[in-house]
Amino acid sequence: MTGPYVIGCDVGSQGTNTALYSDDGRLVASAYEAYDVLYPRPGWAEQDPRAWIDALHKTIRQVVGQVEPSAVKAISFGSQLDGIVVCDAKGGPLRNAMIWMDRRAEAQAAALAERVSRQAFYKHTGANLDSSHAVFKALWIKGEEPEIFARAKKLMPPGSFVLQHASGATMVDYSNASSLALLDPRTPELAPGTHGIGRVTTAFAAATGLARDTCVVVGCGDEMAATLGAGVYSPGEVCDVVGTAEPVCAVSSAPREDSTMLVECHPHGDPDSWLLENPGFVSGGNLRWWRDHFFGPDSEYDAICGPAADVAPGAEGLVFLPCMQGAMAPEWNGAARGVFFGLSLAHTRAHMTRALLEGSAFALRDILEAMQNAGLNVRRLTIVGGGAKGALWRQIKADVTGLPVRVPSNVETTATGAAILAAVGSGLLPNVASAVSAFVAYQPEEHQPDPERRQAYDEAYERYREVYFALKPVFDA
């Protein structure tokens, strides 16, 4: 293989995954570099943004070393959303980034809610008036760290921070801008994710091994990139991204509003479409917590989930609320916390594992029903991310939602989506549709919902909602 090649980088909250593709969609090489999330206090979550850059340097250098560097024509990024990086005039960070999981700005969100109704805020921005969004994190820094805020010259989402480092340009695409909760998605006047903005900087080329004339394409948010990399760009298709969090994204041909405000409206990485999207409750992160603290961090997920397959749907009355860092379903509530409800002496770890998997599936159903209520015909689920590897979890989701479930051949699709944007933005491929056709394939078997289990889950789903709303006064106290 002699190229040409493109690189897609998934700059996530657990680590950076970089993938090198040929222009016909074949994965040539990939590399991953992990980094830490810091939790200084309950509800806080931070990262050193320089760790993202270091991970990009290392992983890009690894994959570029597999080919002739001059054959790599473009690079793009799918970056974690809803974070804020406070920078000086030169673009250097003045403090750790507050990332998507950070919920410390509850007071700032509540203060704005006294002046602007939540419904009006949603109508103007397509986003919820919620502390998870970056604008409220910026307000927290302004109020709680005024010395840092006074020195700040740029407030950037993670995607703009890495783009600036790679290209020297300060720019934001539609999807990253929308997640700041400052953009009307009906009238964006920013850069599409497929926009080529120039070449890599001399410093970035030296650090990564890329040729100096490598094109930098703007890219998009990680949820949008994961959705593109899953081949989800047609209206009614839904991408369920099961990582630390579980964003759920459905493609729409036009902006839509959800009267319950459970799902937001954001521009897609494909500039010709929009996403109805819930930015994600903690999901895979719950399973990792369960593994680390009750089985041991070296335990295999298959060994943990295997016994849960022998537990009946509904986990014999045991319910788990997946609200470990606040709720994003059945409503947005930063004060909510995780709960196991209904424990008895008859329940085992297998029951608790099953309840944990089912809790995420029930939250997914909440979101899908909100999308349908917004007028979208939801037809099929495409599950990606590390959680897509579990056959039991996939089948539970098919049974709970009543939708067929498919899985791409490569479930780590964020880097693939960024590579798709790189291929289109550099002119190697003419449009997103042709790039998806080249880059995305699926496993041959789909999971179909089982009618008998679906009926059992209808009852369990109602119990899950009853438990949440019964506890809501306790959460909000």
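Below are the figures for this structure:
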quantity: Extension gain, THR2 back to GLN448 (0.36 nm per residue minus Cα-Cα distance, nm); calculated: 156.5 nm
quantity: Label zone at ARG380, where the point sits 7 Å out along the Cα-to-Cβ direction: segment 236-278 residues whose backbone N lies under 17 Å; calculated: 236-241, 249-252
quantity: Eligible lysines near LYS123 by straight Cα distance, threshold 24 Å, same-chain separation 8 or greater; calculated: LYS137
quantity: Per-residue [θ]222 nm for the chain (sum of -39500 (n - 2.57) over DSSP H runs n ≥ 4, rounded to 500); calculated: -11500 deg cm²/dmol
quantity: Heavy-atom accessible surface of the chain: percent carbon and sulfur, 1.4 Å; calculated: 51
quantity: Segment 353-477, relative contact order in percent, only Cα pairs under 8 angstrom and at least six apart counted; calculated: 27
quantity: Listed peptides 44-57, 172-185, 104-117 by packing density, highest first (mean Cβ within 10 Å); calculated: 172-185, 44-57, 104-117
quantity: Gain upon complete extension [ALA169, SER344; 0.36 nm per residue less C-alpha separation]; calculated: 57.2 nm
quantity: Computed over segment 1-97: relative contact order in percent, which uses C-alpha pairs under 8 Å that are six or more apart; calculated: 33
quantity: Acute angle (nearest 10 degrees) that the helix 414-425 long axis makes with the longest principal axis of the chain, alpha-carbon atoms; calculated: 40
quantity: Kirkwood hydrodynamic radius of segment 340-475, Cα pairs, Å; calculated: 17.3
quantity: Qualifying lysines (Cα of each under 21 Å from Cα of LYS142; at least 8 residues distant if same chain); calculated: LYS90, LYS153, LYS154
quantity: Derived scalar couplings ³J(HN,Hα) [segment 269-286; Karplus, 6.51 cos²θ - 1.76 cosθ + 1.60; whole Hz; x for Gly, Pro]; calculated: x, 6, x, 9, 8, 10, 10, 8, 8, 9, x, x, 7, 5, 9, x, x, 5
quantity: Helix 49-64 axis, angle to the chain major axis (alpha carbon atoms, nearest 10°); calculated: 70
quantity: Segment 349-464, accessible area per residue, ligands and nucleic acids excluded (1.4 Å, Å²); calculated: 35
quantity: Built amide H within the under 5 Å cut-off of VAL339, gap 5+; calculated: LEU321, CYS323
quantity: Amide H contacts of LEU94 (H built 1.01 Å from N, under 5 Å, at least 5 apart or other chain); calculated: VAL86, CYS87, ASP88
quantity: Proximal lysines relative to LYS73, as straight alpha-carbon distance under 27 Å, when same-chain residues fewer than 8 apart are discounted; calculated: LYS58
quantity: Table column - 3J(HN,Hα) (Hz), segment 212-226, Karplus curve with 6.51, -1.76, 1.60, x for Gly and Pro; calculated: 5, 8, 5, 6, 9, 9, 3, x, 7, x, 5, 5, 5, 5, 4
quantity: Whole-Å distance, taken between Cα centres, linking segment 412-440 and segment 288-336; calculated: 34
quantity: Anisotropy class of segment 403-460 from Cα gyration tensor, a/c 1.5 cut; calculated: prolate
quantity: Normalised per residue, the volume of the convex hull around the Cα set of segment 119-216 (Å³); calculated: 116
quantity: Label of the coordinate-derived value, Cα extents along the principal axes in Å, listed as (1) 96, 45, 38; (2) 87, 56, 40; (3) 64, 53, 44; calculated: (3)
quantity: Probe 1.4 Å, protein heavy atoms only - accessible area per residue of segment 79-134 in square angstrom; calculated: 36
quantity: Rule-of-thumb Rg ratio for segment 351-415 [Cα; 2.2 N^0.38 Å; N residues]; calculated: 1.15
quantity: Highest-first arrangement of 464-473, 204-213, where packing means the average Cβ count within 10 Å; calculated: 204-213, 464-473
quantity: Computed P(r) (all Cα pairs; segment 66-179; 5 Å bins; percent); calculated: 2, 11, 19, 20, 18, 13, 8, 4, 3, 2, 1, 0
quantity: Relative contact order [Cα under 8 Å, 6+ residues apart], segment 51-172, whole percent; calculated: 32
quantity: FRET E, pair ARG463, THR260, Förster distance 25 Å, beta-carbon r, rounded to 0.05; calculated: 0.80
quantity: HN-Hα J in Hz across segment 229-245 - Karplus 6.51, -1.76, 1.60, θ = phi - 60°, x for Gly and Pro; calculated: x, 8, x, 9, 9, 9, x, x, 7, 10, 10, 10, 9, 9, x, 4, 9
quantity: Per residue accessible area in Å² of segment 135-236, where ligands, DNA and RNA are left out and the probe is 1.4 Å; calculated: 36
quantity: DSSP-assigned coil residues among GluC sites (Glu not before Pro) in segment 138-191, each with at most 11 further Cβ atoms within 10 Å; calculated: GLU189
quantity: Cα gyration tensor, segment 1-91 - rounded (a/c under 1.5), prolate or oblate; calculated: prolate
quantity: Gyration tensor verdict on segment 60-113 (Cα atoms; rounded if a/c is under 1.5, prolate if a/b is larger than b/c, oblate otherwise); calculated: prolate
quantity: Nonlocal amide H pairs with VAL28, under 5 Å, H built at 1.01 Å; calculated: LEU20, TYR21, SER22
quantity: Label point distance in nm, ASP36-GLN119, each placed 7 Å from Cα along Cα→Cβ; calculated: 4.7
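The values are calculated or read from the model by the stated rules, or taken from the named source; none is laboratory data. Please read all numbers here as calculations on a predicted model, not as lab measurements. With ideal geometry, Cβ positions are generated from the backbone for all residues, glycine too; neighbour counts draw on all protein chains shown. With ligands, DNA and RNA removed, areas are computed over all heavy atoms of the protein, side chains included. Shrake-Rupley method; radii C 1.70, N 1.55, O 1.52, S 1.80 Å.
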